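What follows is a set of notes on a single structure, which appears directly below.
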Amino acid sequence: MSPKRRRHRSRDAEHITQREEEVGLGVGSAAQRYAAYKAEAQAASSLRARWVSTLSFTPDPFQIQALDAVEAGSSVLVAAPTGAGKTIVGQFGAYVALEQGMRAFYTTPIKALSNQKYLELCDLYGADNVGLATGDTSVNSSAPVVVMTTEVLRNMIYAGAPLSDLGVVILDEVHYLADKMRGPVWEEVIIHLPAHVAIIALSATVSNAEEFGAWIREVRSSCEIIVSEKRPVPLYQHMIVGEDIFDLYAPTGKGKLNPELVAATRDSGMRGGRGSRSWNREVRVRRESRPSTLISLDRARLLPAITFIFSRAGCEDAVRQILSTRITLTTRSEA
């Protein structure tokens with residue numbers, strides 16, 4: 001064969017191979033291609049595919065991994081930053097239970113969060129399908145999906161409540177298990193739930209996800225550990241010294257404190273005042289009052305803001321402090 005004809009045959013072979021790859025015929029055997037087609041068709045008709053089609057966004061890979069684990073009936077631990085989208089995994093767990101004719105319990109550590117989740121799930125699945133049980137409040141408690149505090153579920157388990165139709169339990173804020181006072185409640189729930197019940201554990205702050213997930217796997221026989229460190233909502237940390245707000249960390253250098261903040265803190269301590277110490281000892285900076293902090297935040301255009309105070313009395317005291325200064329934060333039309 002002449003070199004010219006050989007080159008023509010080579011080009012024709014390349015064209016045929018390329019065409020086969022385009023239509024999916026040149027990769028693997030016919031059996032492999034059929035198996036791939038069957039798997040793709042099955043995935044398209046899965047509960048996960050139907051659920052995702054109702055969303056207004058494309059889930060991240062960690063969410064898809066978690067949804068697939070839930071649909072497969074496995075327990076799952078999802079550790080991801082606040083705002084990353086852990087909630088949809090819990091919502092999907094409730095959806096799977098409804099589709100399979102089972103019940104789902106969504107537990108939270110506090111009543112306020114239970115009320116919030118109750119309203120969210122009512123919007124998704126209708127008020128007839130969702131109930132609320134927080135100890136002092138009971139709404140449609142026999143519904144297929146019930147939102148409750150974790151203590152309520154623990155009490156149900158110990159009271160011998162019928163749980164044969166319970167398919168999944170979502171443990172929101174599962175890092176409460178590390179709490180000295182209330183942690184045993186989460187531990188008891190995980191240990192004593194019937195073996196057929198899958199657990200969806202959600203947390204933004206659990207630090208030992210692999211170890212924790214391994215313990216759940218040991219207790220529950222299965223648990224897929226899914227960790228995402230991607231933070232879709234940036235977290236900026238600041239510190240107020242006097243009336244000035246400083247970035248907590250330097251713009252360059254990992255974990256290095258902002259030198260301007262360090263200098264301001266040192267100067268504030270050297271100027272004296274309540275709690276200050278001599279310059280060559282540990283500096284203790286005077287704590288700014290709430291009204292002063294509020295004014296600094298307003299000046300920096302960082303309002304509205306949320307202040308976390310861990311008691312009702314403390315919250316009421318903070319309100320009185322701010323009202324006593326007669327600070328005005330609204331315009332006449334807003335008021």
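The values are calculated or read from the model by the stated rules, or taken from the named source; none is laboratory data. Just so you know, these numbers come straight off a predicted model, no measurement behind them. In this analysis, Cβ positions are derived from the backbone assuming ideal geometry, glycine residues included, and neighbour counts consider all displayed protein chains.
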(message) Suppose the filter is touching a residue at least 24 places away in the same chain (Cβ under 8 Å) and surrounded by fewer than 16 Cβ atoms within 10 Å (Cβ to Cβ); does GLY73 pass it?
(response) yes
(request) Search segment 191-217 for residues being more than 19 Å from the chain's Cα centre (by Cα) and closer than 21 Å to ARG103 by Cα, and hand back the single one that is surrounded by the most Cβ atoms within 10 Å (Cβ to Cβ). (result) LEU193
(message) Among the listed residues GLU282, GLU288, identify the single one that is modelled with pLDDT under 85, in contact with a strand residue (DSSP E or B) (Cβ under 9 Å, 6 or more places away or on another chain) and part of a loop (DSSP other than H, G, I, E, B).
(response) GLU288
(message) Anything in segment 114-134 that is surrounded by 18 or more Cβ atoms within 10 Å (Cβ to Cβ), of a type in the set (A, V, I, L, M, F, W, C) and either touching a residue at least 24 places away in the same chain (Cβ under 8 Å) or touching a Pro at 6+ places or on another chain (Cβ under 9 Å) (or both)? List them, or say none.
(response) LEU121, VAL130
(request) Just one of (1) over 28 Å from ARG182 (Cα atoms); (2) in a loop (DSSP other than H, G, I, E, B) trips up GLN63, so point out which. (result) (2)
(request) Evaluate segment 126-136: report whether one residue or more is in contact with a Ser or Thr (Cβ under 6 Å, 6 or more places away or on another chain) and of a type in the set (A, V, I, L, M). (result) yes
(message) Being within 23 Å of VAL70 (Cα to Cα), assigned to a strand (DSSP E or B) and hydroxyl-bearing (Ser, Thr, Tyr) narrows it down to one residue among TYR106, TYR118; which is it?
(response) TYR106
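Quick grid of which residues meet (1) on the phi < 0 side of the Ramachandran plot; (2) under 29 Å from the mean Cα position of the chain (by Cα); (3) in a loop (DSSP other than H, G, I, E, B):
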{"position": "ILE306", "(1), (2), (3)": "yes, yes, yes"}
{"position": "GLY314", "(1), (2), (3)": "yes, yes, no"}
{"position": "ARG326", "(1), (2), (3)": "no, no, yes"}
{"position": "THR330", "(1), (2), (3)": "yes, no, yes"}
(message) I'd like to know if segment 174-196 contains one or more residues that are under 23 Å from SER74 (Cα atoms), in a strand (DSSP E or B) and in contact (Cβ under 8 Å) with a residue 40 or more places away in the chain.
(response) no
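Any chance you could count how many residues in segment 218-238 are at pLDDT 90 or above and surrounded by 10 or more Cβ atoms within 10 Å (Cβ to Cβ)?
10
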(request) Would you mind telling me which numbered condition in (1) in a loop (DSSP other than H, G, I, E, B); (2) closer than 24 Å to ALA79 by Cβ; (3) at pLDDT 95 or above VAL206 fails? (result) (3)
(request) Just one of (1) under 32 Å from the mean Cα position of the chain (by Cα); (2) crowded, with 16+ Cβ neighbours inside 10 Å; (3) at pLDDT below 75 trips up LYS254, so point out which. (result) (2)
(request) Would you check which residues across segment 128-147 are under 16 Å from GLN91 (Cβ atoms) and either assigned to a helix (DSSP H, G or I) or touching a Gly at 6+ places or on another chain (Cβ under 9 Å) (or both) and list them? (result) ASN129, ALA143, PRO144, VAL145, VAL146, VAL147
(request) Give the residue, chosen from ALA97, ALA84, ALA159, that is buried (at least 17 other Cβ atoms within 10 Å of the Cβ), closer than 24 Å to ILE191 by Cα and small (Gly, Ala, Ser). (result) ALA97
(request) State yes or no: is ALA104 closer than 20 Å to GLU151 by Cα and either of a type outside the set (Asp, Glu) or exposed (fewer than 15 other Cβ atoms within 10 Å of the Cβ) (or both)? (result) yes
